[in-house]
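Have a look at the structure below before the remarks.
The values are calculated or read from the model by the stated rules, or taken from the named source; none is laboratory data. Just so you know, these numbers come straight off a predicted model, no measurement behind them. Glycine gets a Cβ as well: all are built from the backbone with ideal geometry, and neighbour counts include every protein chain shown. Accessible surface is based on the protein model in full, side chains and every heavy atom, while ligands, DNA and RNA are left aside. Shrake-Rupley method; radii C 1.70, N 1.55, O 1.52, S 1.80 Å.
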Amino acid sequence: MQLTITKTDTLKPKPDESSLGFGTIFTDHMFNMDYSLEKGWHNPRIEPYASIDMDPSTMVLHYGQGVFEGLKAYRTASGDVQLFRPAENFKRINRSSKLICIPEIDESFALDALKQLIALEKDWVPSAPETSLYIRPTIIATDPFLGVRASHTYRFFIILSPVGAYYPEGFNPVKIWVTREHVRAVRGGVGEAKTPGNYAASLYAGERAHKEGYTQVLWLDGVEQQYIEEVGAMNIFFIIDDELITPMLSGSILPGITRDSVIALGKSWDIKVAERKISIDEVVAAHDSGKLKEIFGSGTAAVISPVGELKYGDKVLTIGDGNVGPIASKLFNAIQDIQYGKGQDPFGWIEPV
Ligand SMILES: *Cc1c(COP(=O)(O)O)cnc(C)c1O
């Protein structure tokens, strides 16, 4: 397959790097590729960023048949642009696609196309501290058809958005609401896929958490409402008795690339790491006996998100002393140092553009 590149005649003005925010500004170009039963994936192209013209009956709008990814490009001190474990994102989009009956893409072709797109948009990669270029690969079902079945046509696109520091006011703990009424996903469902419906399904509980004054929801398992799954759209970690514990991948949890990186770093620092079932009762008991030292979330957007308070039923738990714990802080710095090329890359996670 031959990638064609069509450049825009009119470049957009670049935004002020000190007030980027998240996900509102998009670059000059995007990647597009189409799928049909006859041709498979075809017509890969980089072209000016543009709206997608759709029939109102387009299947993704009605049945949510779509998958997406999220990763970032980082600018190093020397001005180079680099990606963090991007091959993992393309592997994961194919795993998501399989569950949603979307045809798989060629992972190495997609990664190469992404690199060419970023090379063309290099000037859009911001250089202010902790800013980056957020990358959103997406696949949507495009048949104009009402009826529940897998689509016969798809569009794969990649858009880019310069984003600001996730913690402009500094790295501070968040308050989390544990819900016993709502569930995000169940084993055997599509919780381990990055698919739009999972996020639509999380909104109602998220709004309830906000009304109660909490930033995010901590999800318990969909069957017993006892075992911890994730926090918002992040994976979750606990430090209990100097052990780093995270829920094992059960089928209902998103297999985070940051999660995998935290596990690898923890092991390399000789921290005891366990991927296992962990119940909310165990967390409350560890808190009450003084063994629960830290809780933090992990994900591409925030890297590490320390938790300062948990509300479960009528109980409000302050985690540690309510400040950022040493392991959360060490992980945040270590991962960022690798991403921005400030530290060594012992695991080979960096991919230059
Ligand atoms: C994307 C996502 C994560 C984090 O994955 P990363 O690869 O670390 O960014 C965790 N949970 C959910 C539900 C997600 O959508």
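Quick look at the numbers
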| item | result |
| --- | --- |
| Anchor Lys267: lysines whose Cα lies under 16 Å away (excluding residues fewer than 8 positions away in-chain) | Lys330 |
| Vicinal HN-Hα couplings computed from phi for the range 50-59 (Karplus, 6.51 cos²θ - 1.76 cosθ + 1.60; Hz; Gly/Pro x) | 7, 4, 9, 7, 10, 5, x, 8, 3, 4 |
| Under 11 Å, Cβ to Cβ, from Leu117 - net charge with Lys/Arg +1 and Asp/Glu -1 | -1 |
| J(HN,Hα) series, the range 7-13, from Karplus relation 6.51 cos²θ - 1.76 cosθ + 1.60, nearest Hz, glycine and proline x | 8, 6, 8, 10, 7, 6, x |
| Cα-based shape type of the range 4-163, given that a ≥ b ≥ c are square roots of the gyration tensor eigenvalues and the cut on a/c is 1.5 | prolate |
| Value of relative contact order over the range 131-187, rounded to a whole percent, pairs C-alpha under 8 Å and six or more apart | 36 |
| Sulfur and carbon atoms: percent of accessible area, the range 237-353 [1.4 Å] | 47 |
| Contact order relative to length of the range 174-342, as percent, for alpha carbon pairs under 8 angstrom and 6 or more apart | 23 |
| Spread of Cα-to-Cα distances over 5 Å intervals beginning at zero, given as percent, for the range 228-329 | 2, 13, 25, 28, 21, 9, 2, 0 |
| Residue-normalised accessible area of the chain, given per residue in Å² at a 1.4 Å probe | 45 |
| Once the Cα gyration tensor of the range 1-65 is diagonalised, semi-axes √(5λ) in Å | 28, 19, 10 |
| Mean ellipticity per residue at 222 nm, deg cm²/dmol - from DSSP H runs of n ≥ 4 across the chain, formula -39500 (n - 2.57) | -7000 deg cm²/dmol |
| Taking the convex hull of Cα positions in the range 197-285, its mean projected area over all directions (nm²) | 6.5 |
| Fraction of antiparallel bridges per DSSP, the range 4-163 only, in percent to nearest 5 | 95 |
| For the range 76-85, Karplus couplings with θ = phi - 60° (6.51, -1.76, 1.60), whole Hz, Gly/Pro x | 8, 4, 7, x, 6, 10, 9, 10, 10, 6 |
| Part-to-part distance (alpha-carbon centres) for the range 308-325 and the range 191-261, which is given in Å | 17 |
| The range 4-163 - percent of accessible surface contributed by carbon and sulfur, probe 1.4 Å | 53 |
| Placed amide H near Met30: partners under 5 Å, 5+ positions off or other chain | Glu47, Tyr49 |
| Proximal lysine pairs, the range 4-163, alpha carbons under 17 Å, eight or more residues apart or interchain | 8 |
| DSSP-defined beta bridges in the range 174-342 - what % are antiparallel, rounded to 5 | 65 |
| The chain: relative contact order as a whole-number percent, Cα under 8 Å and 6+ apart | 18 |
| Debye log10 I(q)/I(0) at q = 0.13, 0.15 Å⁻¹ for the chain, Cα point scatterers | -1.08, -1.37 |
